[in-house]
Amino acid sequence: MRPPAEAEGVPWFPGCVEPFAGTPEAARAGWAYVLVEEVAGGMAELVRWPWPLADQLGHLFWAPDDPDRVAYASVPVPVLRRCLYEPSDLERTPRAGDTFAAEVGGSGWTADPEDAGAVDDLTELFPGTVLDISPDAREAAKLAYQGANAAVFSGSEAEDLLAAAGQERGERGPAATLVVASPGATPEADGGVRT
Amino acid sequence: MTPVLAPVESRVLGRAARAPGTLVKAIQEDPDALVYFLLNVGDGDTQLLLLPPDSNDGVRRVVVVDVATSGKLPALLESLHAVGALTEPPGSPGQIRLLVASHPHQDHIGGMADLLERYNGPSGCIDQFWEPGYFFPSPTFHALMAQLEASPWIRRLQPTSGLTFYVDAVRFTVVGPGVGLRTRFDTYGVEINDSSITVMVDYPATRIYMEPDPANPDRMNRRSVSGRSRRILLGGDAQFTSWAQATTDFPDLRQEQNPALARELRAARGRDYLAADVQAVPPRLQARHQPRADGARRGAVPAGLLDPRGRTVRLPARDRDGCRPGGPADDRELGGGAAERPRPGHPRHGGGAARPVRHPDGFGRGHGPPADRPPAPALPADGRREERDRPRGGAGGRQLTTA
């Protein structure tokens, strides 16, 4: 089963991203899907993908030529914590599977993972808005996994449950906007960051 | 403290051969051997077990553990079929008896969606699929799940420690993840590498032989004989947490935790239960651009033949710096080629057409001794002597560095 062509999908548009991207087309054109692929040896390997698409059955997919647009960066875990997680009040430690929506851009990315030297200034990777979409990305992966292994039922069989789930999703609110601090930034008393 | 790992003594290694055609010839001369391939796919894992001919129909089938890239494994299967080592053409029903995705990292599943697309159809080339049950929000994972959803005829399993699976004369025992770890996956508190399926492969699975009844030549008696099996331990990228759980599930692994139990287990099993001849486990994961502490290259490509009588192991010699970079000829054979880098996403990249066999041991880098190195002595013909010579009290074996 080949991945669908881009024209066969629509940009993935979870509610947590909607207030920032505006439209699905804008999400696909102007945002990237950034995944913490690996945490090893004190380094976090980030992989930046084009924004995903969704097919007619609700599967997330990436267009056949999307892999050619993938970019890589390696960030020391302490830098990631100090300059992204802590200023953004993310109390967890960086871990593989953390996922961000980021406005495209940044000079610190490389097309070849072997060339991905350590990046100490996260503003080189994230010049614009960065969102923590880990919960939605995890949920999408869980849906993919469970849908691949077990039957998927028709929604007409459980309209009340779907309505309740929809309400729950609506209550989640937008994704957390992350603060990207420069290496020399110092935390302020109010919890903010002065760069 | 009893060492868990011990170096392989050179006398247990078969003569490392360099002449073109030697590995193919060795397979042909030892048709009951189980052959293990670790393909050179750069920063990633792709492993193939060419199973011995099935005792019921004589067909050789395969087990695949991880597929990092799209091209090399299909090329190897084509080449093995071309030289007669693989009985049926790639894609034949039931040929891939088991496909294991040790954990859902790109460098372990990057080529799986492609493999399913090539060989999987309702005729059922892929009989069974194992994965740890860890969902990961990567595009590669989504692509693989989409392929699986469209392949309902594949039996899926999320094994935990202790599961045993027999494929004719070969036994697969899952060492990790332990069920105590598996049940914590949903918390996202388990690191993805620790979700790795670690599997132990024993050949032969049992040692039951038939002999004529002395009192009645028309009847056969079955006899169980002692003698160690050959064992491969494939560890994915399991790290400390997974192995710590394994010490609970397999008390043999850390005998000082419960010496009395360890003694009883040893007496019952008659051997070091976890001793392995080949161990493909990562020493410790390091970042991509950092040099390996042990100096070993990633993507080493050994191959080994495991004889059912337990007397033949052919593995590449390894110099003191780790797996030796291969010469120009090393990467060219049996679907070889230079290290194929795992590519992100649905792998429609690398080609890897079948290539003619020119060098039997040339499955990639790290195979064969340096030109100025004398070949390792041949393994003694009597497998029992080897068992006697093995270091006691630990899982001795050859450790292959993978990541």
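Summary of values
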{"read-out": "Count of segment B:132-153 residues which are at pLDDT 95 or above, more than 9 Å from every other protein chain (Cβ to nearest Cβ) and over 20 Å from A:P64 (Cβ atoms)", "value": "1"}
{"read-out": "Top-ranked residue in segment B:202-236 [being of a type in the set (G, A, S) and within 30 Å of B:P132 (Cα to Cα); ranked as surrounded by the most Cβ atoms within 10 Å (Cβ to Cβ)]", "value": "B:G236"}
{"read-out": "Residue ID - farthest from the other protein chains (Cβ to nearest Cβ), chosen from residues in segment A:101-125 that are within 13 Å of the chain's Cα centre (by Cα) and crowded, with 20+ Cβ neighbours inside 10 Å", "value": "A:A102"}
{"read-out": "B:P93 vs. criteria outside any loop (DSSP other than H, G, I, E, B) and more than 21 Å from B:V201 (Cβ to Cβ)", "value": "no"}
{"read-out": "Selection count, segment B:96-119, where residues are at the interface with chain A (Cβ under 9 Å from one of its Cβ atoms) and either surrounded by 23 or more Cβ atoms within 10 Å (Cβ to Cβ) or at positive phi (or both)", "value": "6"}
{"read-out": "Residue that is nearest to the other protein chains (Cβ to nearest Cβ), among those in segment A:18-42 that are buried (at least 22 other Cβ atoms within 10 Å of the Cβ) and more than 14 Å from the chain's Cα centre (by Cα)", "value": "A:A40"}
{"read-out": "Tabulated pairs, segment B:260-278, first at pLDDT 80 or above, second of a type outside the set (S, T, Y) and part of a loop (DSSP other than H, G, I, E, B), C-beta under 6 angstrom, 6+ apart or interchain", "value": "B:A276/B:A395; B:A276/B:G397; B:D277/B:G397"}
{"read-out": "Residue within segment B:59-76 that is modelled with pLDDT of 95 or more, more than 18 Å from B:L115 (Cβ to Cβ) and surrounded by fewer than 17 Cβ atoms within 10 Å (Cβ to Cβ) present", "value": "yes"}
{"read-out": "Selected residue [under 21 Å from the mean Cα position of the chain (by Cα) and farther than 24 Å from B:A205 by Cα] from B:Q245, B:Q239, B:Q257", "value": "B:Q239"}
{"read-out": "Segment A:1-17, residues that are aliphatic (A, V, I, L, M) and surrounded by fewer than 20 Cβ atoms within 10 Å (Cβ to Cβ)", "value": "A:M1, A:A5, A:A7, A:V10"}
{"read-out": "Residues located in segment A:57-100, provided they are within 12 Å of another protein chain (Cβ to nearest Cβ), of a type in the set (S, T, N, Q) and more than 25 Å from B:F185 (Cα to Cα)", "value": "A:S74"}
{"read-out": "Qualifying residue in segment A:68-91 (condition: assigned to a helix (DSSP H, G or I), modelled with pLDDT under 95, surrounded by 21 or more Cβ atoms within 10 Å (Cβ to Cβ) and among the charged types (D, E, K, R))", "value": "no"}
{"read-out": "Residue match in segment B:161-174 (condition: surrounded by fewer than 22 Cβ atoms within 10 Å (Cβ to Cβ) and at the interface with another protein chain (Cβ under 8 Å from one of its Cβ atoms))", "value": "no"}
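Each row is one residue, and each column tells you yes or no for (1) touching a residue at least 60 places away in the same chain (Cβ under 8 Å); (2) in a loop (DSSP other than H, G, I, E, B); (3) closer than 20 Å to B:F185 by Cα.
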| site | (1), (2), (3) |
| --- | --- |
| B:P122 | no, yes, no |
| B:F129 | no, no, yes |
| B:Y134 | yes, yes, yes |
| B:A143 | yes, no, no |
| B:W153 | no, yes, no |
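Here is a yes/no grid of residues against (1) within 22 Å of B:P139 (Cβ to Cβ); (2) not in a helix (DSSP H, G or I):
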site	(1), (2)
A:A102	yes, yes
A:R138	yes, no
A:K142	yes, no
A:F153	no, yes
A:S156	no, no
A:A163	no, no
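The values are calculated or read from the model by the stated rules, or taken from the named source; none is laboratory data. Since the structure is predicted, the reported quantities are computational estimates derived from the model, not experimental observations. Ideal geometry is used to build each Cβ from the backbone, glycine not excepted, and the neighbour counts take in all protein chains shown.
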